[in-house]
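*Asks:* First, the structure itself, so that you have it in front of you.
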Amino acid sequence: MPDSPDNAQHLVQAASHIERRDAELLLAAAWSLTRSQLLAHAEDPVPAEVAARFAVQVAQRAAGVPVAYLLGQREFWSLPFEVSPAVLVPRPETELLVERVLYRVTADVADVVDLGTGSGAIAVSLAHERPAWRVVGTDASADALAVAQRNGQALAGGRIEWRPGDWYGPLAGRCFDAIASNPPYIAADDPALASDGVRHEPRAALTPGGDGMSALLTLINGAPDHLKPGGWLLLEHGTAQGSAVRAALVARGFAHVTSHRDLAGHERMTEAQWPSSPLASH
(Lines give C-alpha, C1' and ligand atoms only; values in the text may rest on other atoms or scores of the structure.)
Protein backbone atom coordinates (compact mmCIF):
# COMPACT_ATOMS: atom_id res chain seq x y z
CA MET A 1 0.00 0.00 0.00
CA PRO A 2 1.47 3.41 -0.87
CA ASP A 3 2.30 5.82 1.92
CA SER A 4 -0.42 8.24 2.96
CA PRO A 5 0.24 11.73 1.59
CA ASP A 6 -0.05 13.13 5.11
CA ASN A 7 2.46 10.87 6.83
CA ALA A 8 5.45 12.33 8.65
CA GLN A 9 7.96 11.54 5.94
CA HIS A 10 5.94 13.26 3.23
CA LEU A 11 5.27 16.34 5.35
CA VAL A 12 8.98 16.78 6.01
CA GLN A 13 9.81 16.27 2.34
CA ALA A 14 7.18 18.79 1.32
CA ALA A 15 8.83 21.41 3.53
CA SER A 16 11.85 21.42 1.22
CA HIS A 17 12.18 25.22 1.34
CA ILE A 18 13.60 24.94 4.87
CA GLU A 19 16.39 22.67 6.13
CA ARG A 20 15.31 19.09 6.64
CA ARG A 21 16.54 19.01 10.24
CA ASP A 22 14.51 22.13 11.01
CA ALA A 23 11.42 20.52 9.49
CA GLU A 24 11.93 17.37 11.54
CA LEU A 25 12.36 19.34 14.76
CA LEU A 26 9.25 21.42 14.10
CA LEU A 27 7.07 18.44 13.20
CA ALA A 28 8.29 16.49 16.22
CA ALA A 29 7.47 19.41 18.52
CA ALA A 30 4.04 19.94 16.95
CA TRP A 31 3.35 16.23 17.52
CA SER A 32 4.81 16.21 21.08
CA LEU A 33 7.52 13.78 20.04
CA THR A 34 11.29 13.81 20.17
CA ARG A 35 13.07 13.95 16.84
CA SER A 36 14.16 10.32 17.32
CA GLN A 37 10.57 9.26 17.93
CA LEU A 38 9.47 11.12 14.81
CA LEU A 39 12.06 9.36 12.67
CA ALA A 40 10.95 6.03 14.09
CA HIS A 41 7.36 6.81 13.05
CA ALA A 42 8.13 8.41 9.70
CA GLU A 43 5.41 6.49 7.86
CA ASP A 44 2.67 7.07 10.44
CA PRO A 45 -0.25 9.32 9.46
CA VAL A 46 -0.02 12.77 11.03
CA PRO A 47 -3.17 14.09 12.76
CA ALA A 48 -4.73 17.01 10.90
CA GLU A 49 -4.30 19.46 13.79
CA VAL A 50 -0.60 18.56 14.05
CA ALA A 51 -0.13 19.03 10.31
CA ALA A 52 -1.83 22.44 10.55
CA ARG A 53 0.45 23.60 13.37
CA PHE A 54 3.45 22.33 11.43
CA ALA A 55 2.42 24.23 8.29
CA VAL A 56 2.20 27.51 10.22
CA GLN A 57 5.64 27.03 11.76
CA VAL A 58 7.22 26.03 8.46
CA ALA A 59 5.99 29.30 6.98
CA GLN A 60 7.45 31.21 9.93
CA ARG A 61 10.78 29.43 9.60
CA ALA A 62 10.82 30.15 5.86
CA ALA A 63 10.36 33.82 6.75
CA GLY A 64 13.53 33.67 8.85
CA VAL A 65 12.18 33.11 12.37
CA PRO A 66 14.80 31.03 14.25
CA VAL A 67 13.83 27.45 15.01
CA ALA A 68 14.70 28.10 18.65
CA TYR A 69 11.98 30.76 18.89
CA LEU A 70 9.44 28.46 17.29
CA LEU A 71 10.36 25.65 19.68
CA GLY A 72 10.79 27.98 22.65
CA GLN A 73 14.03 26.24 23.56
CA ARG A 74 17.71 25.94 22.65
CA GLU A 75 20.35 23.65 24.09
CA PHE A 76 23.46 25.33 25.51
CA TRP A 77 26.12 23.68 27.67
CA SER A 78 23.97 20.51 27.37
CA LEU A 79 21.14 22.31 29.18
CA PRO A 80 17.68 23.06 27.73
CA PHE A 81 17.32 26.86 27.86
CA GLU A 82 14.02 28.61 27.35
CA VAL A 83 14.34 31.27 24.64
CA SER A 84 11.99 33.86 23.22
CA PRO A 85 12.25 36.87 20.89
CA ALA A 86 13.25 38.87 24.00
CA VAL A 87 16.69 37.22 24.01
CA LEU A 88 19.42 36.18 21.64
CA VAL A 89 19.48 32.52 20.68
CA PRO A 90 22.49 31.05 22.56
CA ARG A 91 25.29 30.06 20.17
CA PRO A 92 27.69 27.14 20.60
CA GLU A 93 30.64 29.55 20.25
CA THR A 94 29.68 31.21 23.54
CA GLU A 95 30.39 27.96 25.37
CA LEU A 96 34.06 28.93 24.96
CA LEU A 97 33.43 31.84 27.32
CA VAL A 98 31.99 29.48 29.93
CA GLU A 99 34.96 27.13 29.52
CA ARG A 100 37.46 29.94 30.08
CA VAL A 101 35.71 31.26 33.21
CA LEU A 102 35.77 27.75 34.68
CA TYR A 103 39.46 27.49 33.79
CA ARG A 104 40.48 30.87 35.19
CA VAL A 105 38.48 30.84 38.44
CA THR A 106 39.68 27.89 40.45
CA ALA A 107 38.30 28.71 43.89
CA ASP A 108 35.51 26.54 45.26
CA VAL A 109 33.67 29.68 46.35
CA ALA A 110 33.84 32.72 44.08
CA ASP A 111 31.90 35.79 43.00
CA VAL A 112 31.15 35.89 39.28
CA VAL A 113 28.90 38.17 37.20
CA ASP A 114 27.47 37.81 33.70
CA LEU A 115 26.74 41.25 32.25
CA GLY A 116 23.97 41.48 29.66
CA THR A 117 22.88 37.96 30.51
CA GLY A 118 20.02 37.65 27.98
CA SER A 119 18.64 34.12 28.35
CA GLY A 120 21.01 33.59 31.28
CA ALA A 121 23.04 31.06 29.29
CA ILE A 122 26.43 32.02 30.73
CA ALA A 123 25.31 32.68 34.31
CA VAL A 124 23.16 29.55 34.53
CA SER A 125 25.84 27.31 33.00
CA LEU A 126 28.40 28.59 35.51
CA ALA A 127 26.03 28.16 38.45
CA HIS A 128 25.17 24.66 37.23
CA GLU A 129 28.86 23.71 37.11
CA ARG A 130 29.88 25.43 40.36
CA PRO A 131 27.01 25.25 42.86
CA ALA A 132 29.00 27.07 45.57
CA TRP A 133 29.79 30.10 43.42
CA ARG A 134 27.86 33.30 43.99
CA VAL A 135 26.67 34.14 40.48
CA VAL A 136 25.00 37.39 39.44
CA GLY A 137 23.34 38.10 36.10
CA THR A 138 22.35 41.58 34.87
CA ASP A 139 20.39 42.86 31.91
CA ALA A 140 18.87 46.18 30.88
CA SER A 141 15.87 44.36 29.37
CA ALA A 142 13.17 43.38 31.88
CA ASP A 143 11.77 40.88 29.38
CA ALA A 144 15.17 39.23 28.93
CA LEU A 145 15.76 39.12 32.66
CA ALA A 146 12.42 37.36 33.15
CA VAL A 147 13.53 34.63 30.72
CA ALA A 148 16.87 34.36 32.53
CA GLN A 149 15.15 34.06 35.91
CA ARG A 150 13.01 31.17 34.67
CA ASN A 151 16.08 29.43 33.28
CA GLY A 152 17.93 29.95 36.54
CA GLN A 153 15.06 28.48 38.51
CA ALA A 154 14.70 25.48 36.22
CA LEU A 155 18.38 24.70 35.62
CA ALA A 156 20.31 26.06 38.60
CA GLY A 157 17.91 25.77 41.50
CA GLY A 158 17.25 29.51 41.67
CA ARG A 159 20.73 30.15 43.12
CA ILE A 160 21.52 33.11 40.84
CA GLU A 161 21.03 36.75 41.78
CA TRP A 162 19.39 38.69 38.96
CA ARG A 163 19.72 42.47 38.81
CA PRO A 164 18.09 44.84 36.30
CA GLY A 165 20.20 47.57 34.73
CA ASP A 166 22.77 48.54 32.15
CA TRP A 167 26.25 47.00 32.42
CA TYR A 168 27.85 48.02 35.74
CA GLY A 169 24.89 50.18 36.83
CA PRO A 170 23.38 47.54 39.15
CA LEU A 171 26.75 46.65 40.74
CA ALA A 172 27.75 49.74 42.72
CA GLY A 173 30.36 48.87 45.32
CA ARG A 174 30.57 45.21 44.34
CA CYS A 175 33.66 43.36 43.16
CA PHE A 176 34.05 39.96 41.52
CA ASP A 177 36.57 37.23 40.83
CA ALA A 178 35.41 37.21 37.20
CA ILE A 179 33.30 39.38 34.94
CA ALA A 180 31.99 37.64 31.82
CA SER A 181 29.97 39.12 28.98
CA ASN A 182 28.76 38.43 25.47
CA PRO A 183 27.81 42.04 24.65
CA PRO A 184 26.45 43.47 21.39
CA TYR A 185 29.44 43.83 19.08
CA ILE A 186 28.20 43.71 15.47
CA ALA A 187 28.80 46.90 13.48
CA ALA A 188 25.64 48.78 12.52
CA ASP A 189 26.30 48.36 8.78
CA ASP A 190 27.18 44.66 8.93
CA PRO A 191 24.99 42.71 6.48
CA ALA A 192 24.87 39.87 9.04
CA LEU A 193 22.15 41.82 10.84
CA ALA A 194 19.80 41.08 7.95
CA SER A 195 20.71 37.41 7.65
CA ASP A 196 18.47 34.41 8.26
CA GLY A 197 17.36 34.17 11.87
CA VAL A 198 19.46 37.09 13.09
CA ARG A 199 17.06 39.72 11.75
CA HIS A 200 14.39 38.42 14.14
CA GLU A 201 16.61 38.66 17.24
CA PRO A 202 16.60 41.74 19.52
CA ARG A 203 18.72 44.33 17.69
CA ALA A 204 19.97 45.99 20.87
CA ALA A 205 21.54 42.68 21.90
CA LEU A 206 23.31 42.38 18.54
CA THR A 207 24.73 45.83 17.80
CA PRO A 208 25.56 48.91 19.88
CA GLY A 209 25.70 50.93 16.66
CA GLY A 210 28.72 52.41 14.92
CA ASP A 211 31.70 50.08 14.55
CA GLY A 212 30.38 47.67 17.19
CA MET A 213 33.07 48.44 19.77
CA SER A 214 31.27 50.79 22.19
CA ALA A 215 29.84 48.15 24.55
CA LEU A 216 33.14 46.28 24.65
CA LEU A 217 34.99 49.49 25.54
CA THR A 218 32.44 50.33 28.25
CA LEU A 219 32.99 46.90 29.79
CA ILE A 220 36.78 47.16 29.58
CA ASN A 221 36.98 50.67 31.03
CA GLY A 222 34.58 49.98 33.88
CA ALA A 223 35.86 46.56 34.90
CA PRO A 224 38.69 47.62 37.25
CA ASP A 225 36.15 49.17 39.64
CA HIS A 226 34.39 45.81 39.92
CA LEU A 227 37.21 43.27 39.90
CA LYS A 228 39.04 41.90 42.91
CA PRO A 229 42.84 42.03 42.65
CA GLY A 230 43.79 39.18 40.34
CA GLY A 231 40.26 38.97 38.95
CA TRP A 232 39.48 38.20 35.32
CA LEU A 233 37.52 39.96 32.58
CA LEU A 234 36.32 37.63 29.81
CA LEU A 235 34.61 39.03 26.71
CA GLU A 236 33.13 37.53 23.59
CA HIS A 237 33.65 39.72 20.50
CA GLY A 238 33.54 39.71 16.72
CA THR A 239 36.04 37.68 14.75
CA ALA A 240 37.82 40.82 13.50
CA GLN A 241 37.84 42.69 16.84
CA GLY A 242 40.47 40.74 18.74
CA SER A 243 43.36 43.13 18.16
CA ALA A 244 41.30 46.19 19.11
CA VAL A 245 40.02 44.48 22.27
CA ARG A 246 43.53 43.41 23.27
CA ALA A 247 44.87 46.93 22.72
CA ALA A 248 42.10 48.45 24.84
CA LEU A 249 42.73 45.98 27.67
CA VAL A 250 46.47 46.67 27.69
CA ALA A 251 45.85 50.43 27.62
CA ARG A 252 43.53 50.09 30.62
CA GLY A 253 46.22 48.30 32.62
CA PHE A 254 45.21 44.66 32.33
CA ALA A 255 47.77 41.86 32.31
CA HIS A 256 47.84 38.38 30.72
CA VAL A 257 45.72 39.55 27.80
CA THR A 258 44.95 36.53 25.63
CA SER A 259 42.51 35.83 22.81
CA HIS A 260 41.07 32.39 22.09
CA ARG A 261 39.75 30.88 18.89
CA ASP A 262 36.47 29.03 18.44
CA LEU A 263 36.15 25.65 16.73
CA ALA A 264 36.01 27.39 13.35
CA GLY A 265 39.41 28.97 14.03
CA HIS A 266 38.14 32.53 14.54
CA GLU A 267 39.24 34.75 17.41
CA ARG A 268 36.04 34.65 19.45
CA MET A 269 36.84 35.88 22.95
CA THR A 270 39.55 37.61 24.92
CA GLU A 271 40.41 37.33 28.59
CA ALA A 272 42.59 39.53 30.79
CA GLN A 273 43.58 39.73 34.44
CA TRP A 274 43.39 42.79 36.65
CA PRO A 275 46.75 42.94 38.44
CA SER A 276 47.03 42.00 42.08
CA SER A 277 49.16 45.09 42.57
CA PRO A 278 49.79 48.24 40.47
CA LEU A 279 53.25 46.99 39.52
CA ALA A 280 52.05 43.59 38.32
CA SER A 281 51.04 44.86 34.90
CA HIS A 282 54.42 46.36 34.11
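The values are calculated or read from the model by the stated rules, or taken from the named source; none is laboratory data. Predicted, not measured: the structure shown is a model, and the values here were computed from it. We place every Cβ from the backbone using ideal geometry, glycine too, and count neighbours over all the protein chains shown. Just so you know, the surface numbers come from the protein's heavy atoms only, side chains and all, with ligands and any DNA or RNA stripped out. Shrake-Rupley method; radii C 1.70, N 1.55, O 1.52, S 1.80 Å.
*Asks:* So Asp211 passes all but one of these: (1) of a type outside the set (Val, Ile, Thr); (2) modelled with pLDDT under 95; (3) farther than 24 Å from Ala110 by Cα; (4) loosely packed, with under 14 Cβ neighbours inside 10 Å. Which condition number does it fail?
*Replies:* (4)
*Asks:* Next question. Among the numbered criteria (1) open to solvent by 20 Å² or more (accessible area, probe 1.4 Å); (2) under 24 Å from Ile186 (Cβ atoms); (3) among the hydroxyl-bearing types (Ser, Thr, Tyr), which one does Ser277 miss?
*Replies:* Every condition holds for Ser277 apart from (2).
*Asks:* Given the residues Leu27, Leu39, which is the only one that is among the aliphatic types (A, V, I, L, M), over 30 Å from Leu126 (Cα atoms), part of a helix (DSSP H, G or I) and open to solvent by 30 Å² or more (accessible area, probe 1.4 Å)?
*Replies:* Leu39
*Asks:* Provide a single number: the residues in the stretch 138-180 that are of a type in the set (Phe, Trp, Tyr) and either open to solvent by less than 20 Å² (accessible area, probe 1.4 Å) or assigned to a strand (DSSP E or B) (or both).
*Replies:* Number of matching residues: 2.
*Asks:* Which of the numbered conditions does Asp189 fail, given that it passes all the others? Conditions: (1) acidic (Asp, Glu); (2) at pLDDT below 95; (3) crowded, with 24+ Cβ neighbours inside 10 Å.
*Replies:* Single failed check for Asp189: (3).
*Asks:* Next up: Name the residues in the stretch 86-132 that are assigned to a helix (DSSP H, G or I) and farther than 16 Å from Ile179 by Cα, would you?
*Replies:* If the condition is that a residue be assigned to a helix (DSSP H, G or I) and farther than 16 Å from Ile179 by Cα, then Pro92, Glu93, His128, Glu129 are the ones that fit.
Let's see how each residue does on (1) closer than 21 Å to Tyr103 by Cα; (2) without any contact (Cβ under 8 Å) to a residue 40 or more places away in the chain; (3) in contact with a Lys or Arg (Cβ under 8 Å, 6 or more places away or on another chain); (4) not small (Gly, Ala, Ser):
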| position | (1), (2), (3), (4) |
| --- | --- |
| Ile186 | no, no, no, yes |
| Ala223 | yes, no, yes, no |
| Leu234 | yes, no, yes, yes |
| Val245 | yes, yes, no, yes |
| Ser259 | yes, yes, yes, no |
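*Asks:* Quick check on the stretch 237-254: of everything there that is in a loop (DSSP other than H, G, I, E, B) and modelled with pLDDT of 95 or more, which residue is nearest to the chain's Cα centre (by Cα)?
*Replies:* Ranking the candidates gives His237 first.
*Asks:* Another question, then. What are the pairs, 6+ residues apart or on separate chains, where a residue within the stretch 146-167 that is among the aromatic types (Phe, Trp, Tyr) has its Cβ under 7 Å from a residue that is not in a helix (DSSP H, G or I)?
*Replies:* Close Cβ pairs (under 7 Å, with a partner that is not in a helix (DSSP H, G or I)) amount to Trp162/Gly137; Trp167/Leu115.
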